[in-house]
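To start, the structure under review is shown below, and the notes come after it.
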Amino acid sequence: MRYRVLGGTGIEVSTYCLGTMMFGAVGNPDHQESVRIIHAALDQGVNFVDTADMYSAGESEEIVGKALRDRRRREATVLATKVYFPLGEGRNRGGLSRRWITQAVENSLRRLGTEWIDLYQVHRPDPRTDIEETLDVLGDLVTQGKIRAFGCSTFPAEDIVEAHTVAERRGLRRFRTEQPPYSLLARGVEASVLPVAQRYGMGVLTWSPLASGFLTGRYRKGRPIDLSTGRPALVPHRFDPALPTTAAKLDAVEQFVALADDLGCTLPELAIAFAAAHPAVSSVIIGPRTMDQLEGLLKGAPVLLTDEAMDRIDAIVPPGTDLYAPDGVWRPAALTDPALRRRPLGDRAAADA
């Protein structure tokens, strides 16, 4: 396993980061097996583990805490978690306010069974809270020793720039990392997010390299897709082969399968090697649910993509192109609320009738 420095933090992390979203009720409910998977990854050179307080409502953090109970394992592991999504019922139990972050970090520390978090990330932007407020409380947590560094996740480029501008003007600590979705089918971040992260010297850990299963080989053109179970049941519009958007993804997958065959690797190995090849990327998050899945992913770590292979990838899905938008990508209210894009009916015409 090779290691890269996480932006300007000086922290060395493995090129693969073990994502733990699939440990707990939404994935693998067996705590002992999940712990064994974490230990296997650590034993094979992975030193970076990413979780979040909302994964299985905190259960994932508890599993990670069990896996890192040994002090030596904890000290050797770069541990990352996230905050933002609402937990439980009632008001003020989510977001990026000082009130919630102060409470949420204590809850994460307790579930993780640790005294400190190496990388604390804000899971999504929060338009209701001034970014200055968020940066201020995160900086306080660094001063208190509860976290070592902090970053953002799935932020658009303009929000990253704003955060760095506010930090410079107000003399606050700044985001050190960004965690965007990035894959062979989701290359939109190449246009601005990744270049902006490079400009500010941020580390980048990418999520969904297998595009929610499209790059596992599970879904293929001309083969039936069961829309009644698994992820397709939750978001059938993303998997229905009758839709043009899905058909475009499946067409691209067939070309990537052919490329992987020519290179002598599997489709998942090709997908993860692609994400790791970008100069902005520090680490690629892999999210196995089983030991077999982990072993299969780690087996592809030595895959090296030549310039010729990268050129063929560019010909299939051009740089900066999104054929697939992963579930959970944050969209600004200007896109989700029609009222913000439409003047009152009587004020829309350019002249009086």
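Histogrammed with a bin width of 10 Å, the alpha carbon distances of segment 229-353 distribute as 10, 28, 32, 15, 8, 5, 1 percent, first bin at zero. Note on Ala242 and Thr306: the model spin-label points, each 7 Å out from Cα along the C-beta direction, lie 4.4 nm apart. For Asp337 and Trp116, the FRET efficiency from 1/(1 + (r/R0)^6), where r spans their Cβ atoms and R0 equals 30 Å, is about 0.15. Mean separation of Cα pairs under 8 Å and 6 or more residues apart, divided by the residue count, gives the chain a relative contact order of 17 percent. Using all pairs of distinct alpha-carbon atoms, the Kirkwood hydrodynamic radius of segment 123-252 works out to 17.0 angstrom. A straight chain from Arg91 to Val235 at 0.36 nm per residue would run longer than the Cα-Cα distance by 49.1 nm.
Taking only the Cα atoms of the chain, the radius of gyration and Dmax are 20.8, 76 Å. Taking every Cα-Cα distance in segment 106-183 and sorting them into 5 Å bins from zero, the calculated P(r) comes out as 3, 15, 26, 24, 18, 10, 4, 0 percent.
Accessible surface of the chain, 1.4 Å probe: 49 percent of it comes from carbon and sulfur atoms.
The phi torsions of segment 216-226, fed into the Karplus equation with coefficients 6.51, -1.76 and 1.60 and a -60° offset, translate into couplings of 9, x, 6, 10, 10, 5, x, 10, x, 10, 6 Hz, rounded to whole numbers, with Gly and Pro shown as x. Amide H to amide H, with H built 1.01 Å from N, Ile117 comes under 5 Å of Ile147, Arg148, counting only residues 5 or more places away or on other chains. Rounded to the nearest Hz, the phi-derived 3J(HN,Hα) couplings of segment 272-281 under the Karplus curve 6.51 cos²θ - 1.76 cosθ + 1.60 (θ = phi - 60°) are 6, 4, 4, 4, 6, 7, 6, x, 7, 7, where x marks glycine and proline. Which residues' amide hydrogens lie under 5 Å from the amide hydrogen of Tyr182, considering only partners 5 or more residues apart or on another chain, with H built in the peptide plane? Result for Tyr182 returns Trp207. Spacing of the modelled spin labels on Val26 and Met1, each 7 Å from Cα toward Cβ, amounts to 2.3 nm. Among the lysines, select those whose C-alpha is under 27 Å from the C-alpha of Lys82, and discard any that sit fewer than 8 residues away in the same chain. Reachable lysines: Lys66, Lys146.
Summed over all non-identical Cα pairs, the Kirkwood treatment of segment 185-230 gives a radius of 13.2 Å.
Report the calculated FRET efficiency for Asp226 and Ala351 (r = Cβ-Cβ distance, R0 = 51 Å), to the nearest 0.05.
Calculated value: 0.40.
Scoring 67-75, 120-128, 86-94 by mean Cβ neighbours within 10 Å over their residues and listing the highest first yields 120-128, 67-75, 86-94. Histogrammed with a bin width of 5 Å, the alpha carbon distances of segment 220-291 distribute as 3, 14, 16, 18, 22, 18, 7, 1 percent, first bin at zero.
Please sort 267-278, 192-203, 242-253 by packing, taking for each peptide the average over its residues of neighbouring beta carbons within 10 angstrom, highest first.
Descending mean neighbour count gives 267-278, 192-203, 242-253.
Here's the picture: charge each Lys and Arg Cβ at +1 and each Asp and Glu Cβ at -1 in the chain, and of Tyr16, Pro86, Gly151 the one pushed furthest to the positive end of that dipole is Pro86. A viscosity of 0.692 mPa s and a temperature of 37 °C, combined with the Kirkwood radius over C-alpha pairs in the Stokes-Einstein formula, give segment 1-84 a diffusion coefficient of 254 µm²/s. Protection proxy ranking, highest mean first, for peptides 281-293, 95-107: 281-293, 95-107, where packing is the per-residue count of other beta-carbon atoms within 10 Å, averaged.
The slack between Val329 and Glu12, meaning 0.36 nm per residue of separation minus the straight C-alpha distance, is 111.4 nm. Surface exposure of the chain, expressed per residue as accessible area with a 1.4 Å probe, stands at 48 Å².
Pulled fully out, how much extra length does the chain show between Arg173 and Ala315, if you take 0.36 nm times their separation in residues and subtract their Cα-Cα distance?
47.1 nm
The values are calculated or read from the model by the stated rules, or taken from the named source; none is laboratory data. Just so it is clear, the structure is predicted and the values come from calculations on it, not from any experiment. Cβ coordinates were reconstructed from backbone atoms using ideal geometry, including for glycine residues, and neighbour counts include every protein chain displayed. Ligands, DNA and RNA are excluded from the accessible area calculation, which covers all protein heavy atoms including side chains. Shrake-Rupley method; radii C 1.70, N 1.55, O 1.52, S 1.80 Å.
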